[in-house]
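Undergrad: I have a structure here, written as structure tokens, and I will follow up with some questions on it.
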Amino acid sequence: MNYEPVIGLEVHVQLKTESKLFCGCSTKYGAGPNSQVCPVCLGMPGVLPVLNRRAVEYAVMMGLATGSRINHESVFARKNYFYPDLPKGYQISQYEEPLVEDGHMDIEVDAATKRIGITRIHMEEDAGKLNHGATAEEAGSSFVDLNRTCVPLIEIVSEPDIRTPDEASAYLKAIHDIVVYLGISDGNMDEGSFRCDANVSVRPVGQEEFGTRTEMKNINSFKFVKDAISYEIDRQIEAIEDGEKIVQETRLWDSQRGVTVSMRSKEEAHDYRYFPEPDLMPLVVTEEMISDLKDSLPELPAAKKVRFIEEYNLPPYDAGVLTSERPLADYYEETVKLAGDAKVASNWIMGELLRLLNEENRSIEDCPVGPEALTELIGMIKKGAISNKVGKDVFEEMYKSKKSAEAVVKEKGLTQISDTGELSGAIDKVLSANPDEVERFRGGETKLMGFFVGQTMKATRGQGNPGLINKLLKEKLGG
Amino acid sequence: MLGTIEELQERFRNRELTSKGLTEAFLRRIDEVDDSVGAFITVSKDEALEASDTADNRMNGDGEITSLTGIPVSVKDIFCTKGTPTTCGSRILEGFVPPYDATVVRKLKEAGAVIIGKNNMDEFAMGSSTENSAYKKTKNPWDLTRVPGGSSGGSAASVAAGECIASIGTDTGGSIRQPAACCGVVGLKPTYGRVSRYGMIAFASSLDQAGPITRNVRDAAELLGVIAGFDPRESTSIDLPVPDYTAGLGGGVKGLRVGIPGEYFIDGIDGEVSTAVQNAINFFKDQGAEIVDISLPHTEYAVSVYYIVATAEASSNLARYDGVRYGQRVDDGDGLLEMYKKTRDRGFGAEVKRRIMLGTYALSSGYYDAYYKKASQVRALIKRDFDLAFKECDIMLTPTAPTAAFKIGEKTSDPLTMYLSDIFTISSSLAGIPAISLPCGFTTEGLPIGLQIIGNTLDEATVLRAAHAYETGTEWHQKRAKL
């Protein structure tokens, strides 16, 4: 029998606010344990939450970027459960009345566009972190670090519209691109700023109703989401084929072993006893605030890609690469503006620049060669001061040493030889050293022209002006 | 006789009295009587003397003087006090010393008041007799075999026993007004949101409200003026200016429309309470008020609604007492779950556990709609009853409690009967509107009886004016408990 997977993702995004969701503590990552805490985020007796308006704005921006409805009134709710990383014994979240509903995200898989529905986006606070004793004397002990407690998150819940692991990965990537584009999150998956839960079920092709689903928690990479879902689909199909029933449960992706393992079943599931948070008034978002935020939204990746294709006459693939990250797109546009040639700028960035960055897994923001420096290099090639080929070596040197193109060319003596007398001498040597080839060329084997050019370039250590060499060769051989 | 805060300020100004002298006198009084009354969990002797020195310096020209400068007050042990133990009447918070002041405490300190100590209370403010304190029983100063009411029983008893000028209590379903009635003092529960809840240990967040317990109405107006106001740390606090509550006192009740809700005059009321309240209604009539019969049709559901909403919120509010970060921890090394269970089992008393269980049940999946949601809907109807009734009247008069103070131990075995002590105070808590209790007579056994005046949202001024008019025309408030 053929089966169809049904997948939905819940993506947790940490918002890039200076302070926490309900108190003034810093949200900075990596500080010493419990150094960014106060009575409010420690859940001490009698303290009360006060909502961070900036976090609300960020959540609204995500709603607008996904074509969602922004609810003018939404309600915070308490999600009750006991755990040492949850100081109040409840998490302040949103439940029945979230801030954002009914949006969508378009993804591209195998050159086809597919629309994935977004059910809701709600705001909530993060929990702290437990560090389990690592040394012998600490074995069996757990240490509670509450720096992350109360850090603002949005949870983006998709419709069960995803059908393949590739779609899931593309959707996650698309969400990631947008939150980073909007500047509302750093999207750092290693630090836990961007993570997702995946709901997976399978059903026989053609069946209307969904199969029993399992939920996989805390997946923190694009690769893991694909691997975990693939594994889970296979596991479920195999189980069904073997006549087993799928149990509704929470499973954990073990990336080391490449398997999902059961965490708890539905029977063991928490009853979170949600109810409206009485310490906060309903969250009111005015039409004015929404329209102000709408005006402040940056151009999003999809729109930017279309514009790049039209404005810069780029192939869709190139436009896609150049718009995948906002800093890269900005880099490209800056270079085009300075150098005045969209195609050449694209060739350099898509070629040498990204190759070197990718080799070192560096981001464009850390690129040692800025748009001005690249423009200078492009200018030298255009002027004929160096050849395109030499330019590539110069670029690599610029990347390594952070020196300007001119400095590199000067230091290495790479200036292109455009002196007719010098080139003429070199050509004469090449021709007298290869009498057979000269004979054959004159006999009609004109494709040997490339050979003579190559030899002359070699003789000039690549610094000869190829146009001029061509011209001189033609004169000499034709004569 | 000590007179009002206003009169004390006059004596300060005339150099007849210093804050230090007054504070020392109250500390001596606490030494003399608190072994038998048990109104305090903590007496802050050193801090109080220091604060009185500072107040005296202020009055000698070193700083601004407010109506409370130099006045010794106590606060219920539900308010967090920086550097001073705060127990909320519970074993689970034994040893907890907050690193912050509740907004109410901060405002008192800034005004120059002298905080003399922390009052006993029912554990987490759950109770109507202060018998649920994990630390001690507070006795009614009028009859030491009787309860002072609750949960702010320590606050009311401390004022009635002359151990301080005034106290700040909290009211969730009557916890200021009922003990005030039992102890023959004045207790005001302001509009929900009028006084910041920051640093006040939560019982039921949508109902909790702090307010003054005093020996007379003017003092209540003075204290409210100091503790009320918007607090940026409290999202449900009301962002409106605080009026001068003493300004309208003395305006009388002529022409005031006084509503008498029929639903409050039921069979279960003690005969002497009924007579005393009837006499009070007649007083208002004689003073030129217009008596209006009104109806609050959903009153009969108030107690049920209250015990669902309040316990549901409490079950969540009390989850933080898990032994992980502060207070008591019972850890026998048998794992996290056992630590939670043992800490909470030994840390909480029977009534608190009962309410956590009730509240947890009311919020459980499958029961939420039938209990919590339904209760919230009925709560809205109760609020609407008051909105409609206040179109026909300006204030309402009712008994504060159905009986005078009962015997210690009399109701501890029967929680439901105990819950009915708050039958007349719960509705106004659910509606979030202001109400005051003040003395309106005594039983033949010499126990105080309380009159409740309920006002419309944010109309504390009218409530205080009516209470002041009644107090001025009667002598009940001048009687003192003999200890």
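The values are calculated or read from the model by the stated rules, or taken from the named source; none is laboratory data. Everything quoted here is computed from the prediction, not taken from an experiment. When we count neighbours, we look across all protein chains shown, and the Cβ atoms used for this are built from the backbone with ideal geometry, even at glycine.
For every residue, the table says whether it meets (1) under 21 Å from residue B:183 (Cα atoms); (2) β-branched (Val, Ile, Thr).
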residue	(1), (2)
B:24	no, no
B:30	yes, yes
B:38	yes, no
B:50	no, no
B:66	no, yes
B:79	no, no
B:83	no, no
B:94	no, no
B:118	yes, no
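Undergrad: Answer yes or no: is there a residue in segment B:158-168 that is part of a loop (DSSP other than H, G, I, E, B), in contact (Cβ under 8 Å) with a residue 40 or more places away in the chain and within 20 Å of residue B:353 (Cβ to Cβ).
TA: Within segment B:158-168 (the criterion being part of a loop (DSSP other than H, G, I, E, B), in contact (Cβ under 8 Å) with a residue 40 or more places away in the chain and within 20 Å of residue B:353 (Cβ to Cβ)), the answer is no, since none of the residues qualifies.
Undergrad: Please go through segment B:133-186 and pick out each residue that is of a type in the set (Asp, Glu) and more than 25 Å from residue B:306 (Cα to Cα).
TA: Scanning segment B:133-186 gives B:143, B:163.
Undergrad: Further, regarding this structure: It is to be established whether one or more residues within segment A:386-401 are at pLDDT below 90 and over 30 Å from residue A:324 (Cα atoms).
TA: Yes: segment A:386-401 contains one or more residues that are at pLDDT below 90 and over 30 Å from residue A:324 (Cα atoms).
Undergrad: Looking at segment B:111-133, is at least one residue part of a helix (DSSP H, G or I), more than 14 Å from every other protein chain (Cβ to nearest Cβ) and in contact with a helix residue (DSSP H, G or I) (Cβ under 7 Å, 6 or more places away or on another chain)?
TA: Scanning segment B:111-133, I find at least one residue that is part of a helix (DSSP H, G or I), more than 14 Å from every other protein chain (Cβ to nearest Cβ) and in contact with a helix residue (DSSP H, G or I) (Cβ under 7 Å, 6 or more places away or on another chain), so the answer is yes.
Undergrad: Something else about it: Which of the following residues is more than 12 Å from chain B (Cβ to nearest Cβ), out of contact with any His (no Cβ under 9 Å at 6 or more places or on another chain), acidic (Asp, Glu) and within 19 Å of residue A:199 (Cα to Cα): A:242, A:254?
TA: Being more than 12 Å from chain B (Cβ to nearest Cβ), out of contact with any His (no Cβ under 9 Å at 6 or more places or on another chain), acidic (Asp, Glu) and within 19 Å of residue A:199 (Cα to Cα) holds for just one of A:242, A:254, which is A:254.
Undergrad: Under the condition of being more than 13 Å from every other protein chain (Cβ to nearest Cβ) and of a type in the set (Gly, Ala, Ser), which residue from segment B:65-94 is nearest to the chain's Cα centre (by Cα)?
TA: This residue is B:74.
Undergrad: Residue A:233 fails exactly one of the following numbered conditions: (1) crowded, with 17+ Cβ neighbours inside 10 Å; (2) within 14 Å of another protein chain (Cβ to nearest Cβ); (3) touching a residue at least 40 places away in the same chain (Cβ under 8 Å). What is the number of that condition?
TA: Residue A:233 satisfies all of (1) crowded, with 17+ Cβ neighbours inside 10 Å; (2) within 14 Å of another protein chain (Cβ to nearest Cβ); (3) touching a residue at least 40 places away in the same chain (Cβ under 8 Å) except (2).
Undergrad: On to the next question. Which one of these does residue B:182 not meet: (1) more than 14 Å from chain A (Cβ to nearest Cβ); (2) not in a helix (DSSP H, G or I)?
TA: Among (1) more than 14 Å from chain A (Cβ to nearest Cβ); (2) not in a helix (DSSP H, G or I), the lone unmet condition for residue B:182 is (2).
Undergrad: Could you run through segment B:407-433 and say how many residues are touching a strand residue (DSSP E or B) at 6+ places or on another chain (Cβ under 9 Å) and either part of a loop (DSSP other than H, G, I, E, B) or without any contact (Cβ under 8 Å) to a residue 12 or more places away in the chain (or both)?
TA: 6
Undergrad: Testing residue A:203 on (1) in a helix (DSSP H, G or I); (2) at pLDDT 95 or above; (3) basic (Lys, Arg), one condition comes back false. Which one is that?
TA: (1)
Undergrad: So is residue A:49 part of a loop (DSSP other than H, G, I, E, B), at pLDDT 95 or above and at the interface with another protein chain (Cβ under 9 Å from one of its Cβ atoms) or not?
TA: Yes; evaluated as a whole, the condition is true for this residue.
Undergrad: Consider segment B:301-341. How many of its residues are β-branched (Val, Ile, Thr), without any contact (Cβ under 8 Å) to a residue 60 or more places away in the chain and at the interface with chain A (Cβ under 10 Å from one of its Cβ atoms)?
TA: Residues flagged as β-branched (Val, Ile, Thr), without any contact (Cβ under 8 Å) to a residue 60 or more places away in the chain and at the interface with chain A (Cβ under 10 Å from one of its Cβ atoms) within segment B:301-341 amount to 1.
Undergrad: Determine if segment A:406-415 includes at least one residue that is hydroxyl-bearing (Ser, Thr, Tyr) and in a helix (DSSP H, G or I).
TA: No; the residues of segment A:406-415 include none that is hydroxyl-bearing (Ser, Thr, Tyr) and in a helix (DSSP H, G or I).
Undergrad: Within segment A:262-302, how many residues are under 14 Å from residue A:63 (Cα atoms) and within 12 Å of chain B (Cβ to nearest Cβ)?
TA: The number of residues fulfilling the criteria is 0.
Undergrad: Being in contact with a helix residue (DSSP H, G or I) (Cβ under 8 Å, 6 or more places away or on another chain) and either closer than 26 Å to residue B:105 by Cβ or within 10 Å of chain B (Cβ to nearest Cβ) (or both) is the filter here, so list the residues in segment A:20-43 that pass it.
TA: A:43
Undergrad: Within segment A:264-366, which helices (runs of 4 or more DSSP H) (wholly inside it) include 2 or more residues that are crowded, with 17+ Cβ neighbours inside 10 Å and without any contact (Cβ under 8 Å) to a residue 60 or more places away in the chain?
TA: A:301-312, A:316-322, A:326-339, A:342-348, A:354-360
Undergrad: What number of residues within segment B:407-418 satisfy the criterion of being modelled with pLDDT of 95 or more and buried (at least 16 other Cβ atoms within 10 Å of the Cβ)?
TA: 1
Undergrad: Would it be correct to say that residue A:57 is away from chain B (no Cβ under 14 Å) and assigned to a helix (DSSP H, G or I)?
TA: yes
Undergrad: Quick check: anything in segment B:140-157 surrounded by fewer than 24 Cβ atoms within 10 Å (Cβ to Cβ), assigned to a loop (DSSP other than H, G, I, E, B) and not aliphatic (A, V, I, L, M)?
TA: yes
Okay, residues lined up against (1) free of Cβ contacts under 8 Å to residues at least 40 places away in the same chain; (2) surrounded by fewer than 21 Cβ atoms within 10 Å (Cβ to Cβ); (3) over 21 Å from residue B:292 (Cα atoms); (4) within 18 Å of the chain's Cα centre (by Cα):
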site: B:392; (1), (2), (3), (4): no, yes, no, no
site: B:405; (1), (2), (3), (4): no, no, yes, yes
site: B:435; (1), (2), (3), (4): no, no, no, yes
site: B:449; (1), (2), (3), (4): no, no, yes, yes
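Residue-by-condition table, conditions (1) modelled with pLDDT under 95; (2) among the small types (Gly, Ala, Ser):
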site	(1), (2)
B:259	no, yes
B:270	yes, no
B:275	no, no
B:287	no, no
B:311	no, no
B:319	no, yes
B:323	yes, yes
B:328	yes, no
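Undergrad: Let me ask something else. Residues of segment B:323-378 being under 28 Å from the mean Cα position of the chain (by Cα) and of a type in the set (A, V, I, L, M), which ones?
TA: Answer for segment B:323-378, where residues must be under 28 Å from the mean Cα position of the chain (by Cα) and of a type in the set (A, V, I, L, M): B:350, B:352, B:356, B:357, B:358, B:362, B:363, B:375, B:378.
Let's see how each residue does on (1) surrounded by fewer than 22 Cβ atoms within 10 Å (Cβ to Cβ); (2) at the interface with chain B (Cβ under 10 Å from one of its Cβ atoms); (3) over 23 Å from residue A:49 (Cα atoms):
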site: A:94; (1), (2), (3): no, no, no
site: A:113; (1), (2), (3): yes, no, yes
site: A:127; (1), (2), (3): yes, no, no
site: A:143; (1), (2), (3): yes, no, yes
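Undergrad: In segment B:67-105, which residues are farther than 17 Å from residue B:50 by Cβ, of a type in the set (Val, Ile, Thr) and not in a loop (DSSP other than H, G, I, E, B)?
TA: Residues satisfying the conditions are B:92, B:103, B:104.
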